[in-house]
1. Have a look at 334, 328, 343, 350 and point out the one that is out of contact with any helix residue (DSSP H, G or I) (no Cβ under 7 Å at 6 or more places or on another chain), free of Cβ contacts under 8 Å to residues at least 24 places away in the same chain and not assigned by TED's automatic domain parsing to the domain that holds residue 117.
2. Working only within the stretch 1-22, note down all residues that are touching a residue at least 24 places away in the same chain (Cβ under 8 Å) and more than 27 Å from the chain's Cα centre (by Cα).
3. For the stretch 207-228, give me each residue that is touching a residue at least 24 places away in the same chain (Cβ under 8 Å) and touching a helix residue (DSSP H, G or I) at 6+ places or on another chain (Cβ under 6 Å).
4. Starting from the stretch 524-552, take each residue that is within 12 Å of residue 510 (Cα to Cα) and list its partners that are surrounded by fewer than 20 Cβ atoms within 10 Å (Cβ to Cβ) and modelled with pLDDT under 85, counting only C-beta distances under 6 angstrom and pairs at least six apart or across chains.
5. Please determine, by comparing only the residues of the stretch 364-386 that are touching a strand residue (DSSP E or B) at 6+ places or on another chain (Cβ under 7 Å) and within 20 Å of residue 332 (Cβ to Cβ), which one is nearest to the ligand (Cβ to nearest atom).
6. Here are the criteria: (1) under 24 Å from residue 199 (Cβ atoms); (2) buried (at least 21 other Cβ atoms within 10 Å of the Cβ). Tell me which single one residue 107 does not satisfy.
7. Can we say residue 68 is loosely packed, with under 15 Cβ neighbours inside 10 Å and either modelled with pLDDT of 90 or more or within 20 Å of residue 193 (Cβ to Cβ) (or both)?
8. Residues of the stretch 250-278 being over 23 Å from residue 289 (Cβ atoms) and part of a helix (DSSP H, G or I), which ones?
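The values are calculated or read from the model by the stated rules, or taken from the named source; none is laboratory data. As the structure is a computational prediction, the values presented were derived from the model and not from experiment. Here the Cβ positions follow ideal geometry from the backbone for every residue, glycine too, while neighbour counts run over all protein chains shown.
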Ligand SMILES: Nc1ncnc2c1ncn2[C@@H]1O[C@H](COP(=O)(O)OP(=O)(O)OP(=O)(O)O)[C@@H](O)[C@H]1O
């Protein structure tokens, strides 16, 4: 928590100090009021008191109340400003940190948890700071100050107040014993709800198609019930506090008046009794301030445990260093357009079995490498080593003759153009998606219309974009949901082609295309991007049979490496895949 509070800037720190000073002033003003009450009580007992005398003290009391009210408004204003400013900054820090994360760290936290941490957890901190300055700090200051004011009074009253405070403390301790552990669980339960909601929304069509609403409703209801029940339990336990506090404060007033009645009865007739009566009025006011102070302090216990858990969760994100770091300045490459794997082994976790084992191959400029293999054989994993979505566990990946780890982020991304299995389009227009980020082609300015149309033409996307009334300005919904799978895939391919990288990596990118488009796209790529090195992960033999090199993967190992003809002649795994898809004539013809 302190670590987050330390992120306050100088202005916020000054405002916090000023707020603290104003809270002292506010408490001072509030504690002055009972003195005037005592004065009025005394004046009322005096025979020669004029109304003007009472009015004067009364007006002073009103003045003190108004001044206290004004200070509380100023403190509220400052507190909100500090809380909103600080949390906005921390939110930005989390966002930038997460942007630097590799897939490994994202998987570690999970996306829903990162969303909760950036939203709900930060709201807890914001609430704590805002309430903390306005209310929570006032509690202890008020209680301690009020106690010092009454400690010199009649010991019978002081003892009564001490007993009341003791009961209060016991009550708080019991309540906190039951409530605090639950507060800590609530944040994890919100993660669960976010996770299930997210899964439901992204998989809505599948859920409906499989009549799985009941199953999903059950999943959601379970998580929702857990959270609701915990909230109800905590609410009930905390609910005891309010009536408990009223009981103690009313009981205390009663006890003070009761003992006061005996003390007044024992005192000498006349002024001594009047003085004692006015002292009792003042004492009751101060005792009430002590109780109110404790009441405010209880709020600490309501907010602090949850905020502490939230602060820990936020710090976990901020403290996590990305496992993949890029150098600031790239090396000068020795070659151009080459990719080489040297004895690469990769594991997703320290204890996991290798997803890739001893992978070695070299690809020269302009060559096409195809990777084929059963589902889960490691094809996507292999190509993700090149743009450093993951780092190798052993061995080396070389791009242009240099280790990928020796390139800065931008340079590596400019050399390697990676098209993921599921293309990601961002809300905006086709043009804004084509201009996404920076590359050697568009560092300071946007791509020209010609360059965009050219890329769309190669990616076989020109026809359908031309068919749209707004052409390049056609709106793209979040995630590209207003385009078909094949259209999204083609726009994704066009976006990378427009960057003109030295190496193009297609992760099963042709699977969403029909055979004809697939063939046309490969033909135009070979013709117009002959100098670009290409790596194609595919399931269809027809997509890869023209490749210069084909790697057959099985359980993370290379079990075949050669051309289509060579593999068809002497590789059993390849043969099996090939004959399961095409006839002998089709395979021989191509
Ligand atoms: N993020 C991950 N965390 C842990 N294991 C993973 C992760 N991604 C993949 N794996 C595992 O690594 C292995 C290889 O997966 P990979 O996605 O590379 O296969 P693939 O050949 O591309 O499969 P497909 O053709 O179905 O896309 C699989 O056993 C898979 O379970």
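1. Details: 334 fails: free of Cβ contacts under 8 Å to residues at least 24 places away in the same chain; 328 fails: free of Cβ contacts under 8 Å to residues at least 24 places away in the same chain; 343 fails: free of Cβ contacts under 8 Å to residues at least 24 places away in the same chain.
Only one candidate qualifies: 350.
2. 15, 18, 19, 20, 22
3. Of everything in the stretch 207-228, those that are touching a residue at least 24 places away in the same chain (Cβ under 8 Å) and touching a helix residue (DSSP H, G or I) at 6+ places or on another chain (Cβ under 6 Å) turn out to be 220, 223, 226, 227.
4. 541/581; 541/582
5. So the residue we want is 386.
6. Of everything listed in (1) under 24 Å from residue 199 (Cβ atoms); (2) buried (at least 21 other Cβ atoms within 10 Å of the Cβ), residue 107 misses just condition (2).
7. On the way: loosely packed, with under 15 Cβ neighbours inside 10 Å: no; either modelled with pLDDT of 90 or more or within 20 Å of residue 193 (Cβ to Cβ) (or both): yes.
Against the criterion (loosely packed, with under 15 Cβ neighbours inside 10 Å and either modelled with pLDDT of 90 or more or within 20 Å of residue 193 (Cβ to Cβ) (or both)), residue 68 does not qualify.
8. Listed by number, the residues that qualify are 262, 265, 266, 271, 272, 273, 274.
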